[in-house]
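To keep things clear, I will list the structure first and then write my remarks on it.
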Amino acid sequence: MQNPGLPALFISHGAPLFAIHPGTTGPALSAYGEQLRHESAIKGVVIMSPHWMTRGVTVMRNPKPETFHDFGGFPAELYALQYPALGDTALSDNVLALLKQAGFNPASDAERPLDHGAWVPLMHLLPKADIPVVQVSLPAGWTPEQVLQLGQAVQPLREQGILVIGSGSMTHNLSEFFGGNARPDPYVDAFSRWIESALVRHDVAALLDYATRAPSAKRAHPSDDHFLPLFFALGAAGTHATPTYLSREVVYNMLAMDSFSLGSATPATQ
């Protein structure tokens, strides 16, 4: 049985320009965020982004995180954007306690800002920035199974009105981004739909072994940092959660923007 409470989300955040070039994914996230707020009381957000990697797991404990423009060479209007959501030290402490209870040894960071892997998708999903946000780092070198276990550790948050999000990218080959392909390569859709099929079948073993089983896995993810947050969301949702897709857009010919919810947005009836 799926856990009651809020769903968990996997969101592909694409390039930083997603903040000002929303495509079809931005409006889809905005519509879903409005629906979710109408149906549920969201008390906080816990989000993992690949743009904060640490040795071991670290939890943001900053009551007023700045908007970190952690990129270069983009239009000035992008650097003017702010996402002024507050942090929540009580929520941070709750996350730390859950991780310790699960056998992890988490650290905390009282100065960590919100990197673009967090604030860019949240600008679309929760544009009012009126819900506190706590980031969880992606531990460097961890396996999909270890990240899944991190997500499983924070499952109870969903019953407390906390929205758990893994922010990454369904495909992420930046060498092709800079290469400027003329059209989307078929591998992008083949990889994305293989992952979707495995999620729908609840084939966790296949997902954990995606690097050898999924078509063109190494091309889709020369490094796995942008894919691992999917396992954080899956762990938080429960491995039998069914995905509801919000977007299957492809931008820049090679960035698959697949985004989906996992689990129910309303309490279970049994």
### Query
Among (1) in a helix (DSSP H, G or I); (2) in contact with a Phe, Trp or Tyr (Cβ under 8 Å, 6 or more places away or on another chain); (3) surrounded by 22 or more Cβ atoms within 10 Å (Cβ to Cβ), which single condition is Leu17 missing?
(3)
### Message
Which pairs turn up if I take residues in segment 61-89 that are within 22 Å of His21 (Cβ to Cβ) and look for partners that are among the basic types (Lys, Arg) and surrounded by 15 or more Cβ atoms within 10 Å (Cβ to Cβ) with beta carbon separation below 9 Å, at least 6 apart in sequence or on another chain?
### Response
Phe68/Arg112
### Task
For Gln82, state whether it is surrounded by fewer than 19 Cβ atoms within 10 Å (Cβ to Cβ) and either of a type in the set (Asp, Glu) or in a helix (DSSP H, G or I) (or both).
no
### Query
Hey, does segment 40-62 have a residue that's buried (at least 17 other Cβ atoms within 10 Å of the Cβ), in a strand (DSSP E or B) and out of contact with any helix residue (DSSP H, G or I) (no Cβ under 9 Å at 6 or more places or on another chain)?
yes
### Task
Take segment 184-212 and flag every residue that is closer than 18 Å to Asn173 by Cα, assigned to a helix (DSSP H, G or I) and not small (Gly, Ala, Ser).
Pro186, Tyr187, Val188, Asp189, Phe191, Arg193, Trp194, Ile195, Tyr210, Thr212
### Query
In segment 96-118, is there at least one residue being surrounded by fewer than 17 Cβ atoms within 10 Å (Cβ to Cβ), basic (Lys, Arg) and in contact (Cβ under 8 Å) with a residue 12 or more places away in the chain?
no
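No lab work stands behind these numbers, since they all come straight from the coordinates. No experiment lies behind these values; they were computed from the predicted model shown. Cβ coordinates were reconstructed from backbone atoms using ideal geometry, including for glycine residues, and neighbour counts include every protein chain displayed.
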